[in-house]
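Shown next, in structure tokens, is the structure this report addresses.
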Amino acid sequence: MLALAIAAGFALLGQWQLDRAISSGEVVERSTEIVQPLSDTVSPDGPPPKVAEGQMIETTGSYVPGDEQIISGRHNGGETGFWVVSHFVTDEGFSIPVARGWTADADEAEAIRERLATQMSILSLQPLTGRFLSSEAPVLPEDGADPHTMTTVSTAALINLWANWSDQPVYQGYIVDSVAPEGLAVIDSPEPEVEVPLNWLNIFYALEWAVFAGFAVFLWYRLVRDAWEREVEEAEIAAAAAAETSAGSPDETSGPAGADRSHANAP
């Protein structure tokens, strides 16, 4: 019974670890579609918090003319094309890249980039609403491709191309504009999917406790079986001894006493 009690304890510990794994993986609902101020969501010159990823934000500032870049290999509605990305400076003086829109044609993307560079003025403040996304890692162009080709929105790479940037604070991310300039399509930017992380360490511990509980049950089974086999063996030995004793005892009609009774009864 002690082994069964230990097995029950191991099973309870395994259940507790499993509950911990599930509770630690519970989804924290985020209102990513409720527009929040950029300054309240993320701070410049530092990694953005996880809660900022995919958050709809708003800010006010101006575009820096001439800092537009084209990002190739971007998908939109199942097609591959190009993003036009601009340099935006908030009214607080912090820089952040903004993905303005998408087009499937490289020449059109280049023409729109040149048009935006001449139309925008750094002195005109304007509101900006879009979805904040973390900066992407820079990727080297493929062999034989234009060395200036960019395929990711990397803040670290873009600041090296901005003409008048000189170590001002920069957000480690970019904004996908919710509207697009004329000639560009609005970039697909769906609500981020919620992932449910699992605590694999707790799951591993739960499996360990299950193994321990199984071993305790096996130990109980072996102890019970050994005790039963001993009882059966002892019973067989006792039965054999009783049979030998019964077979070796003298018959009531045999031996000297029996002979005397026979003579006494003779005529």
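See the values below:
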item	result
In Hz, Karplus ³J(HN,Hα) per residue of segment 51-59 (6.51, -1.76, 1.60; θ = phi - 60°; x = Gly, Pro)	5, 7, 5, x, 6, 6, 10, 9, 7
Highest to lowest packing among 178-188, 50-60, 141-151, scored as the average C-beta count within 10 Å	50-60, 178-188, 141-151
Amide H contacts under 5 Å for GLY73, placed H, 5+ residues apart	GLY81
Length-normalised contact order of segment 36-177 in % [C-alpha pairs under 8 Å, at least 6 apart]	32
Within-11-Å neighbourhood charge of SER95 [Cβ basis; K, R +1; D, E -1]	-4
VAL232, VAL84 arranged by Cβ crowding within 10 Å, fewest neighbours leading	VAL232, VAL84
Two-site label geometry, ASP226 and SER43: point separation in nm, points 7 Å out along Cα→Cβ	6.4
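Values quoted throughout were computed directly from the atomic coordinates according to the rules given, and no laboratory measurement underlies them. Model, not experiment: these values are computed from the prediction. When we count neighbours, we look across all protein chains shown, and the Cβ atoms used for this are built from the backbone with ideal geometry, even at glycine.
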